[in-house]
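One structure below.
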Amino acid sequence: MRYNPLQLLNEVVKHVVRERDGVEERKYYRFRPSRFYGGSAVADAVGCILKCGFCWGWRVNSSPESCGEFYSPSEVAVKLISIARSRGYRYARVSGGEPTIARRHLIQLLAELRARGFGKNYTFILETNGILIGYDPSYARELAEYSFIHVRVSIKGCTPEIFETITGADRSFFELQLRALKNLLDAGVSVHPAVMVSFCSREDVEYLTERLRDIDERLVHQLEDEVVILYPHVVELLKRRGLRPRIAIDPRSWNYVTEV
Ligand code: SF4
């Protein structure tokens, strides 16, 4: 039975978002330095509205009721800035789960970062599956108020069919990811697409390329390939879901492997 991510949202939010004294708090399970983007401060959030069969955070995201602690936007801002400053990083991001599911919390986090001078020297990278920004164009317009953000829309597979296979969600929601790119471009937000290619053929990639070209030629040149990383718990999930990547990365060597 395919699920509707927009319906799943209500169920997930019940466990990972709460209001305290008029402030929206969100659950996080870790704050850490990361080597990605040449060094970035990361807040790992709990909860997502997709169930990707290659998700490295699936253990946390599939048990949102028992994982993580609640933090206010100002607490998260302080932690991210502290990590970035101590490591000399230029970037901060929210990873682990899907950042957009707690909208007021995310917008308040951006406001807190700005109030602390973050926007002058740093970039906030919003890594998202795009579903909620595609669903509601006002979300993109609200993000556009923060000039220090860059959005990376991570598309789950190249076609609606592959999206359905790897996420378990109804294939019609594939379109919202592409719509997110359009909404963000229309709102003037810095954005680029990434796509999980591990389950795609050359023809599938060509299909996505044409879909991106229909939105904006620049997206075609900015498209970033994402590949499954074979952490042991990801291998376990792939097996459970009957998914076989055509190409993946072995985290012991960081080399590409095929015919997994
Ligand atoms: S969208 Fe990201 S966080 Fe959500 S299930 Fe997929 S890989 Fe995991």
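Here E224 meets the list (1) buried (at least 16 other Cβ atoms within 10 Å of the Cβ); (2) under 16 Å from the mean Cα position of the chain (by Cα) almost entirely, failing just condition (1). Selection of region 94-121 for residues being at pLDDT below 95, farther than 21 Å from V13 by Cβ and either assigned to a loop (DSSP other than H, G, I, E, B) or within 16 Å of the ligand (Cβ to nearest atom) (or both) yields only G117.
Residues are listed down the side, and each one gets a yes or a no for (1) away from the ligand (no atom under 15 Å from the Cβ); (2) in contact with a helix residue (DSSP H, G or I) (Cβ under 6 Å, 6 or more places away or on another chain); (3) under 23 Å from V197 (Cα atoms); (4) assigned to a strand (DSSP E or B):
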residue: K14; (1), (2), (3), (4): yes, no, no, no
residue: R18; (1), (2), (3), (4): yes, no, no, yes
residue: Y29; (1), (2), (3), (4): no, yes, no, yes
residue: L50; (1), (2), (3), (4): no, yes, yes, no
residue: S66; (1), (2), (3), (4): yes, no, no, no
residue: S74; (1), (2), (3), (4): yes, yes, no, no
residue: S82; (1), (2), (3), (4): yes, no, no, no
residue: A92; (1), (2), (3), (4): yes, yes, no, yes
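Taking the conditions exactly as written (hydroxyl-bearing (S, T, Y), touching a strand residue (DSSP E or B) at 6+ places or on another chain (Cβ under 9 Å) and within 16 Å of the ligand (Cβ to nearest atom)), does S198 satisfy them or not? So S198 fits the description; yes. Selection of region 136-179 for residues being hydroxyl-bearing (S, T, Y) and surrounded by fewer than 16 Cβ atoms within 10 Å (Cβ to Cβ) yields S138, S147, S172.
The condition of being at pLDDT 95 or above, surrounded by fewer than 21 Cβ atoms within 10 Å (Cβ to Cβ) and small (G, A, S) does not hold for G53.
Considering (1) in a helix (DSSP H, G or I); (2) surrounded by fewer than 16 Cβ atoms within 10 Å (Cβ to Cβ), the lone condition that R244 does not fulfil carries the number (1).
Quick grid of which residues meet (1) in a loop (DSSP other than H, G, I, E, B); (2) under 20 Å from I101 (Cβ atoms); (3) without any contact (Cβ under 8 Å) to a residue 40 or more places away in the chain; (4) within 16 Å of the ligand (Cβ to nearest atom):
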| position | (1), (2), (3), (4) |
| --- | --- |
| I125 | no, yes, no, yes |
| E145 | yes, yes, yes, no |
| V151 | no, yes, no, yes |
| S154 | no, yes, no, yes |
| L176 | no, yes, no, yes |
| H192 | no, no, no, no |
| L208 | no, no, no, no |
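Among the residues of region 31-48, those identified as surrounded by 16 or more Cβ atoms within 10 Å (Cβ to Cβ), under 26 Å from R85 (Cα atoms) and within 16 Å of the ligand (Cβ to nearest atom) are S34, V42, A43, D44, A45, V46.
The residues listed here are V12, V16; of these, the one that is within 18 Å of Q108 (Cα to Cα) and surrounded by 12 or more Cβ atoms within 10 Å (Cβ to Cβ) is V16. Screening D21 against (1) among the acidic types (D, E); (2) more than 13 Å from the chain's Cα centre (by Cα); (3) closer than 27 Å to K239 by Cα leaves a single unmet condition, (3).
Taking V23 as the residue in question, decide whether it is of a type in the set (A, V, I, L, M, F, W, C), surrounded by fewer than 16 Cβ atoms within 10 Å (Cβ to Cβ), in contact (Cβ under 8 Å) with a residue 60 or more places away in the chain and more than 13 Å from the ligand (Cβ to nearest atom). In short, yes.
The values are calculated or read from the model by the stated rules, or taken from the named source; none is laboratory data. Computed from a predicted model, the values in this text were never measured in an experiment. Note that each Cβ is placed from the backbone with ideal geometry, even for glycine, and that neighbours are counted across all protein chains shown.
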